[in-house]
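What follows is a short report on a single structure.
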Amino acid sequence: MIRMLATAATAAVLAVPALASTAGADVPPGKYVYEIVHSRYGKVGTHAITLVKEGAQTIVTVALRIRVKILLVTAHREKAERREIWQGGRLVLYSSTTVENGKTIKLEANAAGGKLKINGPKGASTAPGTTFTTNPWNVAIVKAATVMDSKTGAVKPVTRVEAQGSETVTTGNGNVTATKYLFRTDTRRFLWYDAGGRLVKFQVFRDGSSVTFTLK
């Protein structure tokens with residue numbers, strides 16, 4: 001369970017249709033709050049994404065709050081504040097502070113020389129300049145070849161992406177028709193986007209469990 005919640009960040013890309021937006025260019029600014037439900041422990045928290053446009057840049061901030069209680073005892077607590085700056089379809093600046101069960105994890109990244117330079121809990125590393133974070137706010141992630149874990153900075157290849165047709169997603173504002181994607185790295189995910197490129201739901205699988213984030 002702990003590993004599952006902690007995760008909830010050369011490709012063979014299959015059957016991906018034309019995207020509704022690229023690099024968040026058409027995703028409406030605003031605040032999007034997702035309810036987090038664990039397959040074993042029920043409702044465990046919220047994941048809030050705020051999008052702001054400033055000139056040519058898209059600024060994305062994330063506030064993650066998780067608390068898992070078992071028999072009235074808190075078994076896992078996690079709080080994160082994250083910030084992404086995107087320009088020209090690429091991540092140019094990233095920062096994250098996560099407090100997980102009292103332990104602080106810091107991560108920073110910036111674009112330089114066509115690469116993404118990463119400084120995380122395991123030290124410095126580099127990734128391709130086209131790397132996305134595992135925060136799937138932008139439908140263009142389904143064209144990504146690599147992703148950076150939003151908490152740890154670990155860089156992972158995208159091994160499979162497959163559009164799986166339209167589904168009706170029940171959100172806090174009613175039913176939404178969305179395109180569902182299978183998205184694989186070392187972890188299996190499903191992502192749902194509406195016709196405007198908004199993320200309406202995503203689901204992460206690990207250790208025999210799933211965590212589902214649904215737009216409130």
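Some observations on this one:
- If you go through region 34-60 and keep only what is under 13 Å from the mean Cα position of the chain (by Cα) and over 16 Å from Val204 (Cβ atoms), you end up with Ala48, Thr50, Val60.
- Number of positions in region 41-52 that are loosely packed, with under 14 Cβ neighbours inside 10 Å and either modelled with pLDDT under 95 or at negative phi (or both): 2
- Screening region 75-111 for residues that are among the charged types (D, E, K, R) and farther than 21 Å from Val60 by Cα and picking the one that is surrounded by the fewest Cβ atoms within 10 Å (Cβ to Cβ) gives Lys103.
- Tally, over region 116-163, of residues that are of a type in the set (S, T, N, Q) and more than 17 Å from Thr187 (Cβ to Cβ): 5
- Residue list for region 173-187, filter: modelled with pLDDT of 95 or more and farther than 17 Å from Phe132 by Cβ: Gly174, Asn175, Val176, Thr177, Ala178, Thr179, Lys180
- Any pair with Cβ under 9 angstrom, 6 or more apart, that starts in region 162-176 at a residue that is within 15 Å of Leu199 (Cβ to Cβ) and ends at one that is acidic (Asp, Glu) and surrounded by 10 or more Cβ atoms within 10 Å (Cβ to Cβ): Val169/Asp194; Gly172/Glu35; Val176/Asp194
- Residues that are in a strand (DSSP E or B) and touching a helix residue (DSSP H, G or I) at 6+ places or on another chain (Cβ under 8 Å), drawn from region 181-204: Tyr181, Phe183, Leu191, Tyr193, Leu199, Val204
- Filtered residue count, region 112-154, keeping only those that are surrounded by fewer than 19 Cβ atoms within 10 Å (Cβ to Cβ) and of a type in the set (A, V, I, L, M): 3
- When we screen Asp186, Asp207, Asp194 for residues that are farther than 25 Å from Glu78 by Cβ and not β-branched (Val, Ile, Thr), the only hit is Asp194.
The values are calculated or read from the model by the stated rules, or taken from the named source; none is laboratory data. None of the values given here were measured: they were computed from a predicted structure. Reconstructed Cβ throughout: ideal geometry from the backbone, glycine too, with neighbour counts over all protein chains shown.
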